[in-house]
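For reference, the structure is listed below as structure tokens.
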Amino acid sequence: FVTAGGPGSRLTFETVLPGNESDVVVPSNYEVDILLRWGDPLTPEAPEFDVSNQTGASQAQQFGFNADLVLWYPLPEWVVRRVMMLGGQLDDRASRVLGLVYPRAKDNFSQRALVIVNHEYTSGDDMFPGYDASNPTQDQVEAEIEAHGFSIVELELDNGGRWQFNRNSQFNRRSTGSTAMEITGPLRGDLLMQTAADPTGMEVFGSLNNCAGGKTPWGTILTCEENFDQYFANFPQADQAYELSKRIAAPSGESGRKWERYDSRFDLSQDPQEYHRFGYIVEIDPYNPRDKPKKRTALGRCKHEGAAASIAPDGRVAIYSGDDARFEYVYKFVTKHPYDRRNRQANLSLLDEGKLYVARFDAGDAEDDDMGTGEWLLVHDTDFPDAAALIDTRGTADALGATPMDRPEDIEVSPKTGHVFIALTNNSRRDGDPGDTRVVNGRVVSSAPDEANPRNDTYNDGNPDSNTGNQHGHIVELIEDGDDPNSLTFRWNILVKCGDPAVPAHRTSFGDIVDPVAAGVSPISDPDNLVHDDDGNLWIATDGQFFSGGPVGFGQNDGIFAVPVEGEDRGLLRQFLSGVPRAEVCGPEFSGDNRSFFCAIQHPWDGQAFTNFWPLDEESGSRVSKPSLIAVREKDGQKIGKGPA
Ligand code: FEO
Ligand code: CA
Ligand code: CA
Ligand code: CA
């Protein structure tokens, strides 16, 4: 088998072949455990899952639907004892000590851990037997609202080295589509945030479409609201609220889910400003079971995907985030104040003040060489708050000349180099030639390829004259000038142009690998979620690869891929895991010691969940496929990526 990463590299695993197997496939020296499935009760009191009897009240106590982001946090024993002693909360003193030990603890072995899993969205057809999409019941709608949000759960290692869910943990909690959250930052209390239900403009119910996210240096969760538009109905077309959101418009008629029939806050004809209260990065402290989630408005409002933190030499913290839609932008927020390891309480409000930038990618010294330079353009500064400009983040960024990208999904900062990696998953509308334009998301853009989004026909339709879009996506590496996250200028290059390296029409490239087929590079399409291992290798989850004959994918189960980003094997990308049919693979994450790997299998057998079953043992149980959190470990306890010992 192929190895990657040069002498001594740990990426010596056997390449997993692309396929359509009905269960998760990993290299032969690895094992897969299913840790949590949709509907699993999260507390001792929670009801057992009953597919034929679902309500909001039951789902609110169970693992939610469509698992996406996965983040791992070490759980020291003393934190468990302290929180128990204080009746289920973390006090300021313990929080301060936690802030001191967290930077080391997060990279080491821990017997106990907290894991957050996002529940991005619901599909009534795959949740309720006999579901009628034109006429959902109130119980179904309430169950769907409560199946959104995220779960925070405690995992414990057993003697065999397997992670087990601890149902009795005081840290287990759900946050759903109806959980009270604080609005913080410049939009807190603003006139534009006030609704009939919340005249203060300071509290909102629920977080929706939580997709990817990230961890802060002080051990909190950042979870991102992505496609929030689809939950709302009857968006008035002539209203100030419409003007501020025309770049991210909700349906003008009824919504697909029809929640507005049972919950008036989803009916924008009644209260259009409710719409202003979604589309944010939400911060929550997993160590404090009483912590109220906070929507951090200073980081802008869009279809946020990832949120990756990086500490600058002067201590200020940059948070990188993508806006996942065709021809949208890459953003960076830089805090006004520095991170202070000794003062976790102060860090807990760091994200409320600072500057929001958007990226412009320039060609640099030469055209068509897959690299260039770039500039961060100022969108908003909390020292000069402008509520309308912030609510209309996209529109503000348009006026600055930011570069429309091929759907920025997850974004990660290498722990080794500080370089930023951006997954651009695909763009079926990148189908023009120079001079061609399209109307996308309420404004006119060039549909032609550009330096940072260089392909307009990786969809192999057999017609050399038609441009059919960037079918397979690519990954960009961004290097801040001076290696300083505060920098206003950067260099960038394309690490990988995805596709099948054996198909010339895909025009792939894989780092420095001259002959990818001979080198054993795996085919890959639609890169989505990212994570680095502690050696700095990039691990990639895909979403859309399963589909074929259309503008994305090429007919193989989505999976997990690993690629060195430094050294002579830079670009030697190989498949580590194959998922299950019609499922995307999400949230790749490592335990601190990198000896466990976690990911989520989202929407297994999408659209067919009542006729095909995964996890496989569901066939004899509730007879429905279930989105699930899984763990992968090497049989001899080696670090993830190693081949047989
Ligand atoms: Fe929810 Fe952009 O993936
Ligand atoms: Ca160039
Ligand atoms: Ca995603
Ligand atoms: Ca990630």
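A short reminder: the numbers here are calculations on the coordinates, not readings from a lab. Owing to the predicted nature of the structure, the values given are computational and were not obtained by experimental measurement. Cβ atoms come from the backbone with ideal geometry, glycine included; neighbour counts cover every protein chain shown.
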Checklist outcome for this item: Quick calc: nm separation of the 7 Å Cα→Cβ label points for Ala518 and Asp593 -> 4.2 nm
Checklist entry - Fewest to most neighbouring Cβ within 10 Å: what's the order for Phe171, Phe205? => result Phe205, Phe171
Checklist outcome for this item: Site Asn53, offset 7 angstrom along Cα→Cβ, radius 16 Å on amide nitrogen, limited to region 120-140, gives 129, 139-140
Item to check | Over region 228-278, relative contact order from alpha-carbon pairs under 8 Å, at least 6 apart, % | outcome: 45 percent
Checklist entry - Taking R0 as 22 Å, what's the FRET efficiency between Asp125 and Leu17 from their Cβ-Cβ distance, rounded to 0.05? => result 0.10
Next on the checklist: So if the hydrodynamic radius of region 285-338 is defined as the Kirkwood radius over C-alpha pairs, what does Stokes-Einstein give as its diffusion coefficient at 25 °C and 0.890 mPa s, in µm² per second?
Outcome noted: 192 µm²/s
Checklist outcome for this item: The relative contact order of region 186-306, taking Cα pairs under 8 Å that sit 6 or more residues apart, comes to a percentage of 30 percent
Checklist entry - What's the local net charge at Gln575, with K and R +1, D and E -1, over the other residues with C-beta under 14 Å away? => result -4
Checklist outcome for this item: Expressed as a whole-number percentage, the relative contact order of the chain with C-alpha contacts under 8 angstrom and at least six residues apart is 16 percent
Next on the checklist: Quick check of the Kirkwood formula: for region 563-645, what is the inverse mean of 1/r over all pairs of different Cα atoms, in Å?
Outcome noted: 14.7 Å
Checklist entry - So between Glu45 and Val80, what do we pick up on full extension, going 0.36 nm a residue minus the alpha carbon distance? => result 10.6 nm
Next on the checklist: I need Thr335, Thr12 ordered by Cβ neighbour count within 10 Å, fewest first.
Outcome noted: Thr12, Thr335
Checklist entry - Seen from all sides and averaged, what is the projected area of the convex hull of the Cα atoms in region 369-511, in nm²? => result 10.1 nm²
Checklist entry - Which value results when the Cα radius of gyration for region 125-201 is divided by 2.2 N^0.38 Å? => result 1.65
Item to check | Tail weight of P(r) past 17 Å, computed on alpha-carbon pairs of region 367-451, percent | outcome: 63 percent
Next on the checklist: Given points 7 Å out from each Cα along the Cα-Cβ axis, report the Glu156 to Glu568 separation in nanometres with one decimal.
Outcome noted: 4.9 nm
Item to check | Evaluated at q = 0.23, 0.30 Å⁻¹: base-10 log I(q)/I(0), Debye formula over Cα of region 228-278 | outcome: -0.72, -1.24
Item to check | Hz values of 3J(HN,Hα) by residue in region 53-70 - Karplus curve (6.51, -1.76, 1.60), Gly and Pro given as x | outcome: 9, 9, 9, x, 5, 6, 5, 5, 10, 10, 4, x, 8, 5, 4, 10, 3, 10
Checklist entry - If you take the beta carbon distance between Lys246 and Phe384 as r and set R0 to 22 Å, what does 1/(1 + (r/R0)^6) give as a FRET efficiency, to the nearest 0.05? => result 0.40
Checklist outcome for this item: With +1 at each Lys and Arg Cβ and -1 at each Asp and Glu Cβ, the charge dipole magnitude of region 228-278 around its Cα centre, to the nearest 20 debye, comes out at 160 debye
Checklist outcome for this item: For Leu90, the net charge from surrounding residues (Cβ-Cβ under 11 Å; K, R +1; D, E -1) works out to +1
Checklist entry - Using +1 on the beta carbon of Lys and Arg, -1 on that of Asp and Glu, and nothing else charged, what's the dipole of the chain about the Cα centre, debye to 20? => result 1700 debye
Checklist entry - Going by how many other beta carbons lie within 10 Å of each one, how would you line up Lys497, Lys246, fewest first? => result Lys246, Lys497
Item to check | Compactness of the chain - radius of gyration and Dmax, Cα, Å | outcome: 23.0, 70
Checklist entry - Tell me, in nm to one decimal, what length is gained between Ala363 and Asp433 on full extension, where the rule is 0.36 nm per residue of separation less the Cα-Cα distance? => result 23.5 nm
Checklist outcome for this item: From DSSP H assignment alone, runs of 4+ in the chain each adding -39500 (n - 2.57), the sum over residues rounded to the nearest 500 puts [θ] at 222 nm at -2500 deg cm²/dmol
Item to check | Charge dipole (the chain, unit charges on Cβ, about Cα centre) - positive-most of Leu192, Ser269, Leu350 | outcome: Leu350
Item to check | Neighbourhood charge, 13 Å Cβ-Cβ cut-off, centred on Thr43 and excluding it, Lys, Arg +1 and Asp, Glu -1 | outcome: -1
Checklist entry - In Å, the Kirkwood hydrodynamic radius of region 470-623 over pairs of distinct alpha carbons? => result 16.8 Å
